[in-house]
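Taken together, the values in this text are just the output of simple stated rules run on the coordinates, not laboratory data. In this text, all values refer to a predicted model and were calculated from it rather than measured experimentally. Don't worry about glycine lacking a Cβ; one is built from the backbone with ideal geometry, like all the others, and counts go over all protein chains shown.
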Amino acid sequence: MNSNKMGKFIRDLRIENKMNQEDLSEKIIIDRTVISKWESGKLIPDTRNLIALSEIFNVSLDELVSGERTNNKNENQLHKNFLDYLINENTKYRRLKLSTFILSLTVIIIAVIFLIYYFSSTYNTNKVYKVIGESENYQIAEGILVTSREDTYLKIGYIKDKNNLNSLVDNITIYYKEYNENNIIYTGDPNKIIIDFSGYNSAINIKSIKDIEDNLYVRINSEDIKLKFYEYFKNNSLIFDDKDDFISEQENLNNYNIPKRIKDEFTFLSNMYYLKLNDEIELSYYPISDVYYVSNLLSDITIEYYISSTHINFRKNDEYYFYIDSNKNISCYKEDCSNEIKIYNEYFDTYIKPYIG
């Protein structure tokens, strides 16, 4: 098949039919430059355009492909030329299909590899922990630790001074024990967030939460407190469920050992605590800090019962009267707490023991 001969034949047919290239392009609905490439032999019409040319010029497909009219001598050769053309077009089409398939398969493989990498590198890498700790004189109950693949965030938060409940601790030192050395991570306000204190670019190399649990301490006035961590959240779901926030928050507390009677009899509120009103008494439980409150709304009496460490604070009119440590030792902050201790014992039997005892 001679492309130049075919192109000259198409040009001659166009001229015979008194058409210019623009006229022909409008009939075939194709760009005029394509007509020019056909006639110069730079491009061969595909099967669809070849059929259109055959109908416009009233010539056979054999004649168009061969670039000459049919006669008794060349009829077989012209037909053979057309068959060769069809085979060639079919081969090009199959090559195009194969190339498209290979390209599509390559894109799919790359996408799958990327998704596997992304999933393996991000699955179960974001976690949130509640941080607590207690020593003879201090108690940490509101701390939070957030770990991700990129950064680690730690906030110690509110620290109670057991000897002076109306005073707040405003300066701490956090250090990490490694190879019998204390590596100081932070010194300052416990309410500040410490960012990226561990990992590749940090001074210490913490590979897991177990390393943190075993080696992270807070120092307050020369008193060391070993921190404890309780997992609150992790991104280990394969599917993100579109659930109501109320349900989601309650389900997030499944890892906490919430007393059964509190679950059964209290109302769970969307700001993450349980509540029960009993006449003038308000009972509330905060799972994250594991604190159970008994509040008399009329006499402004509040009892803070820390379930994890079983220590108790008793206050009235926002003044602390006494503190009971985990060994049941009572520390009174007033001249006489006997009446308040009596009130506490009555409250304990009525409002605390039935729910957490």
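Data table
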item: Residue among Leu277, Val294, Ser326 farthest towards the positive dipole end of segment 245-356, charges placed on Cβ; result: Ser326
item: Dipole of the chain, positive direction: furthest Cα of Thr187, Thr267, Asn236, with charges on the beta-carbon; result: Asn236
item: Three semi-axes of the equivalent ellipsoid, segment 54-124, Cα gyration tensor, whole Å, largest first; result: 53, 11, 5
item: Pairwise FRET efficiency - Asn257 versus Lys316, Cβ, R0 = 35 Å, nearest 0.05; result: 0.70
item: P(r), alpha carbons of the chain - 20 Å bins starting at zero, rounded %; result: 21, 30, 12, 13, 17, 7, 0
item: Within segment 1-111: Cβ-based charge dipole about Cα centre, in debye rounded to nearest 20 (Lys, Arg +1; Asp, Glu -1); result: 360
item: Kyte-Doolittle mean at least -0.5 and Cα axial length at least 18 Å: DSSP H helices in the chain; result: 75-122
item: Estimated 222 nm signal from helices in the chain, with DSSP H stretches of n ≥ 4 weighted -39500 (n - 2.57), rounded to 500; result: -11000 deg cm²/dmol
item: Restricting segment 109-180 to trypsin sites (Lys or Arg not before Pro) in coil, as DSSP defines it, with at most 14 other Cβ within 10 Å; result: Arg149
item: Under DSSP loop assignment and at most 16 Cβ neighbours within 10 Å, longest GluC sites (Glu not before Pro)-free interval of the chain; result: 1-135
item: Anisotropy class of segment 3-90 from Cα gyration tensor, a/c 1.5 cut; result: prolate
item: Backbone N within segment 318-336 under 16 Å of label point (7 Å from Ser299 Cα along the Cβ vector); result: 318-322
item: Charge dipole magnitude, Cβ of K and R +1, D and E -1 - the chain, Cα centre, debye nearest 20; result: 2360
item: Average Cα contact separation per residue, the chain, under 8 Å, 6 or more apart, as relative contact order %; result: 9
item: Interchain or long-range residues, amide H under 5 Å from Phe322's placed H; result: Phe314, Tyr333
item: Magnitude of the charge dipole, segment 261-357, Cβ model with Lys/Arg +1 and Asp/Glu -1, debye to 20; result: 300
item: Prolate/oblate/rounded label for segment 276-357 (Cα gyration tensor, a/c 1.5); result: oblate
item: Estimated FRET transfer efficiency when R0 is 35 angstrom, pair Leu269-Thr350 (beta carbons, to 0.05); result: 0.95
item: Two-site FRET efficiency, Tyr158 against Lys234, from Cβ-Cβ distance with R₀ of 22 Å, rounded to 0.05; result: 0.35
